[in-house]
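What follows is a short report on a single structure.
The values are calculated or read from the model by the stated rules, or taken from the named source; none is laboratory data. Owing to the predicted nature of the structure, the values given are computational and were not obtained by experimental measurement. Positions of Cβ are backbone-derived with ideal geometry, glycine not excepted, and every protein chain shown enters the neighbour counts. SASA here: full protein model, heavy atoms, side chains in, ligands and nucleic acids out. Shrake-Rupley method; radii C 1.70, N 1.55, O 1.52, S 1.80 Å.
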Amino acid sequence: MSFGPWPGVQTGGGFPGFGSANQPVGASTGGAAGTAARSDHQHPTLVAATLAALAALTATTMNGGTFCYVTTLKSWFKLEPSTQAAATAVRVAASGKAGFLWIREGLSPAWWSVLSWFVTSAAAANDENDGQTAGTPISPQEWRRRTFMRNLPGTETGSVTITLVADLGDNDYIQADWGIGLRGGSINLTIQGAQTVVATGLITAATAVNRATNTPAQITAGFSWAAHVGRLVRLQGTTTTTAWCVKDLGANAGRMSEQAVAGVIGAGFTAGQTVEVVTLTKVPGIHVVGPNQVLLNDCTIDPAAVTSLRMDAVYSSFAATRIQFHGVGGTTNGITASSQNYTACAFVDRAWQLNGIVALVLCAQVNQSAGVALQLFGGRVAENTLQSHFMQASTLNIAERTYVHVSGGGAANTAMFDLAAAQSGVALSIGSHFDCGAMWGAGNNATSVPIFATAGGCVLTSIAPAGYTVTGGVGISSPVGSIPFAQMQSTQGPGQQPVVMAMFSFLSGQAGGATTGFCDQSGATAGGLAAQAQRWPISGRTIVRLRLCTPLGTPATAPTATLFKAAGGTGAPTATAMTCTLPGGAAAGTNVVDATHPILFASNDGFDVQITQPITPEGQAQYVVLVEALA
C-alpha cells in the first residue's frame, strides 16, 4: 500500500519544519506568497515572506491542509477550517476562503540554536522581528512559540539568555516549555532586566549599623524618600553595591537594609558618597519546565492579578538577584522550585509563599500594610538559610517541619523593626526546627502580638521545638534587654498552650515578717517566704507567664512577684524581666500576669520567685504565685 503526498507539501523528506528536504518549490517575490507546480504533478509548496504576504495570498481554490512557510517567523502555517478569531502571529484569516484560517504549527526548530534573545512587551513588540538585538525585540509570547519544546540533546546544548528591553505587560509571562530531555542537564535560562535611575543624591549624613544598640543603617541624601520606600538604592557607578530603602524617616533621611556588595555583606553607605535610586524591569510572572536553573536579575515581579513563579519542582532551581517581589495584596503569591536562592532581594507589601529549599541572603521585607508575611514551606528535609535578613514592619512564618538555619555569626543577623500594632500575626513564627545565630531589632509594638514579645523588641512563637537543641548565638536583643539562646531542650509543639509548672503560696505581711523574701514551700519560715533563693530545678524550657493572685482576703498590701534565675543551678540567682504587681485593695480572686517577657531556662538552671510587700497592720490575706511554662 502506498500513500499520496500531503497537500501543499513536497514529499521525500518528512514533515514541514524538520530537516532540509521540505523546501518550497517556488520563491516568494514582492512581499507576496510564491507557488510553483512540480513536474511530477504533486501539489505545490507555498512560501510567504511575511505575515502580511500570507494574509494577501488568495486561498480560494486551495484545499484544507495546505501548508505555507512564513520566512520572518521560520514557521509553517496550515490552512484549516476554523471559527476562531484571527490572532497575531498565530492565526491569519485566509483571503478568499471564508471560514478558513492559516494556523501556525507548534514547533519552530530553526530558532532552537539561538542563545541570546531581546524581549519587550507584547504591546510594543513586532513579532516578525528576529529578536536578536535591542532594536528588534519580540514579545514573550513569540519567544515561547519559537523555543517551545526546544530539545535536541547533544546539539542544542547552550544556555539561553533573555534581555528585557522594557517593562513587560500584565499578561506577558515568561514561559519556557522545553523538552523534558534537558531537565537533568545543565541548560540554564537567564532573564536579565535593567536598573533605571529615578533619583540621585549626595549623602550628607550617614548612620552605620550597630546591632548592639539595635540601630539600622540610615542616610540623608538631599531628597525625600517617601516615594522610594521599597526601591533599590545603589552606589553611583555600580550596579552591585546596593541596599533597599525600607522606611522614610522624614527630613530627607531614609532607613536602609543591609548593604550588599556583589552578594556579600558590605559596610554601608557613607557621607560624601553619591547614591542613586533605581527602578527595575517589570515581569508579571514566570512558568518554566525544562531548564536546569532559572536566573532572574534586576527585575520587579509586579503582576496585576494573582501570580505564581513556578519552576520544574523536581529538577529546576531558581536564583534571584536584586529582585523586587510585589505580587497581589489580599492573597498569597507563590514561588515553587526544588531550590531557591534570593540574594539582595526585597519582598514589598505583599504575601509570598516560598515552596522549596530556600536561602535568603541580604534580603529585605518591606511592608506597610497589615497581615503581610513571607512564608517558608520547605518540607521535612529542607534546610533554609537566613543571612543578614532585614524585616521592616513585616512578618515571617516558617511552617511546620521546616528546618531554618540563621547563618553568618556576629556580622550576619536577622533584624526586625517597627512591627506596628495594626500588623496581624507575629514578627517571626516558627513551626519547626530553628537554629538561631543572632537576631536584633527595635520599635515593635507588643500589642500586635498574641504570643510572646520582649518589650520594644522582637517576637517569637517558639524558640526550640520538640526534640531539637538550639545552639550558639547571642539571642534577641532589644532596648530593654535580651533573650539568650543557651543550650536547651524543648518539648513545645506548634500552638501548644503554657501549663502550670510550679505553684507557691504565702501570706500577707505580718508582725515580724520580712518585706522581701523568696517562695519557700518547706513551711519552716513564717508566711512561706525565705531570705535566700531556693534554686528550684527545672528542665530546659521557656517560662512564659508569671501569675500573682489573691484567692482570699482583701488587704491593702500591694505585693510584687519577680522571677529569678540561677544559671546552672549554682550561680547567684538574679532577677529577670518577668515581674507583676497586685494592686493594693484588690478584691478576692483578682490576678495579674506578665506574659510579655518569656525567659529561656536550660537544663540544670535554677529558678525561684521573689516577693516584695509592705508590712501591714491589718489582717492577713493569702496569695498564690503560678509559674507557667511550655511543657
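Restricting to region 591-608, name every residue that is of a type in the set (Val, Ile, Thr) and touching a helix residue (DSSP H, G or I) at 6+ places or on another chain (Cβ under 6 Å).
Result: Thr596, single match.
Within region 241-251, track down each residue that is of a type in the set (Val, Ile, Thr) and surrounded by fewer than 24 Cβ atoms within 10 Å (Cβ to Cβ).
Thr241
Conditions tested, residue by residue: (1) of a type in the set (Asp, Glu); (2) at pLDDT below 85; (3) farther than 17 Å from Ala629 by Cβ.
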| position | (1), (2), (3) |
| --- | --- |
| Thr554 | no, yes, yes |
| Thr574 | no, no, yes |
| Phe607 | no, no, no |
| Thr612 | no, yes, yes |
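Please state which of the following conditions Ala572 fails to meet, knowing it meets all the rest: (1) farther than 18 Å from Ala530 by Cα; (2) not in a strand (DSSP E or B).
(1)
For region 64-109, which residues satisfy the criterion of being in a loop (DSSP other than H, G, I, E, B), in contact with a helix residue (DSSP H, G or I) (Cβ under 7 Å, 6 or more places away or on another chain) and open to solvent by less than 30 Å² (accessible area, probe 1.4 Å)?
Ala89, Ser108
Select from region 126-165 the residues that are open to solvent by less than 40 Å² (accessible area, probe 1.4 Å), within 13 Å of Thr72 (Cβ to Cβ) and of a type outside the set (Val, Ile, Thr) and list them in ascending order.
Asp127, Asn129, Gly131, Glu142, Arg146
For Leu296, all conditions in the list (1) over 30 Å from Asn214 (Cβ atoms); (2) in contact (Cβ under 8 Å) with a residue 60 or more places away in the chain; (3) open to solvent by 30 Å² or more (accessible area, probe 1.4 Å) hold save one; what is the number of the exception?
Status for Leu296: all satisfied but (3).
Open to solvent by 30 Å² or more (accessible area, probe 1.4 Å) and either part of a strand (DSSP E or B) or touching a residue at least 12 places away in the same chain (Cβ under 8 Å) (or both): does that describe Ala304?
In short, yes.
Kindly evaluate Ala567 against the criterion of being at pLDDT 85 or above, open to solvent by 30 Å² or more (accessible area, probe 1.4 Å) and small (Gly, Ala, Ser).
yes
Looking at Met578 and the list (1) assigned to a strand (DSSP E or B); (2) modelled with pLDDT of 85 or more; (3) surrounded by fewer than 22 Cβ atoms within 10 Å (Cβ to Cβ), which single condition is not satisfied?
Met578 satisfies all of (1) assigned to a strand (DSSP E or B); (2) modelled with pLDDT of 85 or more; (3) surrounded by fewer than 22 Cβ atoms within 10 Å (Cβ to Cβ) except (3).
What's the total number of residues in region 265-292 that are buried (at least 21 other Cβ atoms within 10 Å of the Cβ), over 18 Å from the mean Cα position of the chain (by Cα), modelled with pLDDT under 95 and in a strand (DSSP E or B)?
1
If Thr238 satisfies every condition in (1) without any contact (Cβ under 8 Å) to a residue 12 or more places away in the chain; (2) open to solvent by 70 Å² or more (accessible area, probe 1.4 Å) but one, which is the exception?
Result: Thr238 passes all but (2).
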